[in-house]
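One structure is given here, and the rest of the page talks about it.
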Amino acid sequence: MSKRITEMCPALNDAMPTEYRELVENGPWLGDKTVKDLGTFKELLEEHPLCAGCNLALSLKIILSSLPNPADTIIVGSTGCSSLGFMQVGIHNIHSLFGNQNAVATGVKRVLSMRFPDKKKDVVVMAGDGATADIGLDMTIHSWFRGEKITTIMFDNELYANTGGQESGMTPAGRVAYMAPLGKKFPKINLFEIAKTSGCHYAVLLTTANTVRLGACVKKAILLARDVGPTYVQIHTPCPTNLKIPPEESIKVAKDSEKERYAFNEYVSEAAKSFLENTGNKK
Amino acid sequence: MPQYKVLPGPEGYLPPPAALMGVELPEEGKALVEGETVSESDAVQKIARKILAAKNPTIFPGPLVLWAWSETACKKAQLVRELAAEAGMKIIPMPDYRPKYPMINPAVEINPNHPNLTIWHNKIDVCVFIGVHCHYANVALKIIRGGTDCYTIALCGEYGHEDAMITLRDVTVAKLEALLAVVRETKRKL
């Protein structure tokens, strides 16, 4: 899609809602925008119904500001808190059935490759830990086995937040939640390691603590998925509502977790390394 | 079985698709008025009378005429603007199909997933769809028929919409110009 497609017919320009006019005149596709430019352009997500202090909402805002090619990006979402935000995102997005997101993204990517063989189209899956590691685990892993050129981003709030706080596979052992009063009986799934051994060429484990690094990693993951193979981004997004975190402290909680059990970890395959070296995109 | 009439609602929750009730899309050169096949010129006359007699007629331009896909899209947009001005119609756009509930502002835009909100909020009695992709037009027209008493008109670039009360098919720039001319003429006679 060229910028031409994001222009309005002059005769009806003034009938369009203000937010669309602002997106056309000062949207993220004009120039190479990064997280550092936040506040200087019209963002793809400005209003959303997620809770105050939601780390997922912050991650989503950073991710959307870091898309290398927003006009040609399609997001595939799934059931969960994140799906509440996607409705407000000013970009193509598809809501799939719970857990089906990587299968749907596979189809979208393959058809786009056939329909637009000369264009770069990025397909990015964004889903919670329940959709990615529990209900949709087979879809997730099999898309990696098949080497699908899509990016999978998991918002890991470590439970089923919007249904009241049930434990998920990503909940740490011993964690007590509203709907899991006895505490988790088995350890957190190590999907980062599974991604490494299942065919992902890039996998990264991080939090919202460092927004610039988060933006850079997302961009790298999408660029590698476009040309090399599947990539995986796992973001710790502690839920202020279910974990009883005061909204103003939710980033501090993410920072603390990065110092302890959610330390930054990045895996780059040999093929991805050589691609990055050849394209001069090492950072 | 008596022929099903596609009439203003509210027909109730989940009205049947008109196609299931035996209403067929018009042949080339024909149009549908309330489920019956008529000549295109009759339908154009009826559209002109309906929008000119309405208290609060509104046109809903969709993505195919709002965005500058082509020169034709821009020409159609210009004609939509002229038609609205001539018939005293409000323009409420449908810029995309994201289900923006509950953040949508029904005063400034319409969404195919809950078009009834925009109809109710603005007290629209006659609406005209143009440039809305077929599958979303069908959904929206059915919801409007189900939940409101709004009279729906669909100006379709493809084969028409049996769920609208009046539908023209193959609406080109020339057909829009012809409709505009009929509206002007009808207005002059009133």
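The values are calculated or read from the model by the stated rules, or taken from the named source; none is laboratory data. Remember, predicted model here, so these are calculated numbers, not experimental data. No Cβ is skipped: glycine too gets one built from the backbone with ideal geometry, and neighbour counts run over all protein chains shown. Protein only, heavy atoms only, side chains kept; ligands, DNA and RNA dropped before computing areas. Shrake-Rupley method; radii C 1.70, N 1.55, O 1.52, S 1.80 Å.
Taking the stretch B:43-90, which residues are within 14 Å of chain A (Cβ to nearest Cβ), assigned to a helix (DSSP H, G or I) and within 16 Å of B:LYS123 (Cβ to Cβ)? Residues satisfying the conditions do not exist here.
Look through A:LEU50, A:LEU56 and report the one residue that is in contact with a Cys (Cβ under 9 Å, 6 or more places away or on another chain), touching a residue at least 24 places away in the same chain (Cβ under 8 Å) and part of a loop (DSSP other than H, G, I, E, B). Don't jump to the end; show me each part of the working.
Numbers: A:LEU56 fails: part of a loop (DSSP other than H, G, I, E, B).
None of the others qualify; the one that does is A:LEU50.
When A:LYS220 is tested against (1) within 24 Å of A:VAL253 (Cα to Cα); (2) part of a helix (DSSP H, G or I), only condition (1) is not met. Of all residues in the stretch A:11-20, which are more than 7 Å from every other protein chain (Cβ to nearest Cβ) and either farther than 17 Å from A:ILE91 by Cβ or of a type in the set (A, V, I, L, M, F, W, C) (or both)? Across the stretch A:11-20, the qualifying residues are A:ASN13, A:ASP14, A:THR18. Of the residues examined, A:ILE63 is not one that is within 11 Å of chain B (Cβ to nearest Cβ), closer than 24 Å to A:ALA127 by Cα, among the hydrophobic types (A, V, I, L, M, F, W, C) and surrounded by 19 or more Cβ atoms within 10 Å (Cβ to Cβ). Examine the stretch B:91-99 for a residue that is within 20 Å of A:ASN93 (Cβ to Cβ) and among the hydroxyl-bearing types (Ser, Thr, Tyr), and state whether such a residue exists. The answer is yes, given that some residue of the stretch B:91-99 is within 20 Å of A:ASN93 (Cβ to Cβ) and among the hydroxyl-bearing types (Ser, Thr, Tyr).
Taking the criterion of being at pLDDT 95 or above, outside any helix (DSSP H, G or I) and open to solvent by 60 Å² or more (accessible area, probe 1.4 Å), the residues of the stretch A:266-283 that qualify are A:GLU266, A:TYR267.
Could you tell me whether A:LEU44 is within 14 Å of chain B (Cβ to nearest Cβ), open to solvent by less than 20 Å² (accessible area, probe 1.4 Å) and under 25 Å from A:ASP156 (Cβ atoms)? Please lay out each step first, then the result.
Values: within 14 Å of chain B (Cβ to nearest Cβ): yes; open to solvent by less than 20 Å² (accessible area, probe 1.4 Å): yes; under 25 Å from A:ASP156 (Cβ atoms): yes.
Answer is yes for this residue.
Let me confirm something: among A:GLY80, A:GLY107, A:GLY136, A:GLY85, which residue is modelled with pLDDT of 95 or more, under 17 Å from the mean Cα position of the chain (by Cα) and more than 19 Å from A:LEU223 (Cβ to Cβ)? Of the residues listed, the single one that is modelled with pLDDT of 95 or more, under 17 Å from the mean Cα position of the chain (by Cα) and more than 19 Å from A:LEU223 (Cβ to Cβ) is A:GLY136.
Restricting the stretch A:22-41 to residues that are free of Cβ contacts under 8 Å to residues at least 24 places away in the same chain and in contact with a helix residue (DSSP H, G or I) (Cβ under 7 Å, 6 or more places away or on another chain), the residue that is farthest from the other protein chains (Cβ to nearest Cβ) is A:PHE41. Scanning the stretch A:228-239 for residues being open to solvent by 10 Å² or more (accessible area, probe 1.4 Å) and in contact with a helix residue (DSSP H, G or I) (Cβ under 6 Å, 6 or more places away or on another chain) gives a total of 1. Among the residues making up the stretch B:113-155, those that are within 14 Å of chain A (Cβ to nearest Cβ) and aliphatic (A, V, I, L, M) are B:VAL128, B:ILE130, B:VAL132. In the set (1) in contact with a strand residue (DSSP E or B) (Cβ under 7 Å, 6 or more places away or on another chain); (2) at pLDDT below 95, A:THR211 fails one condition alone, (1).
Here B:ALA154, B:ALA164, B:ALA137, B:ALA181 are screened, and the one residue that is over 17 Å from B:PRO61 (Cα atoms) and among the hydrophobic types (A, V, I, L, M, F, W, C) is B:ALA181. Against the list (1) more than 13 Å from the chain's Cα centre (by Cα); (2) farther than 30 Å from A:GLU248 by Cβ; (3) of a type outside the set (Asp, Glu), the condition A:PRO49 fails is (2). Every listed requirement among (1) farther than 19 Å from B:LEU14 by Cα; (2) open to solvent by less than 10 Å² (accessible area, probe 1.4 Å); (3) in contact with a Leu (Cβ under 9 Å, 6 or more places away or on another chain); (4) of a type in the set (Val, Ile, Thr) is met by B:ILE92 save one, (3).
Entry remark, the stretch B:91-112: residues being over 18 Å from B:LEU66 (Cα atoms) and more than 10 Å from chain A (Cβ to nearest Cβ) number 0 in total.
The number of residues in the stretch B:10-42 that are open to solvent by 80 Å² or more (accessible area, probe 1.4 Å), part of a loop (DSSP other than H, G, I, E, B) and closer than 16 Å to B:ARG145 by Cα comes to 3. Scanning the stretch A:139-176 for residues that are touching a residue at least 12 places away in the same chain (Cβ under 8 Å), surrounded by fewer than 24 Cβ atoms within 10 Å (Cβ to Cβ) and over 17 Å from A:GLY80 (Cα atoms) gives A:ILE141, A:HIS142, A:PHE145, A:ARG146, A:GLY147, A:GLU148, A:LYS149, A:PRO172, A:ALA173, A:ARG175.
Residues in the stretch B:58-88 that are closer than 21 Å to B:ASN111 by Cβ and open to solvent by less than 20 Å² (accessible area, probe 1.4 Å): 12 in all.
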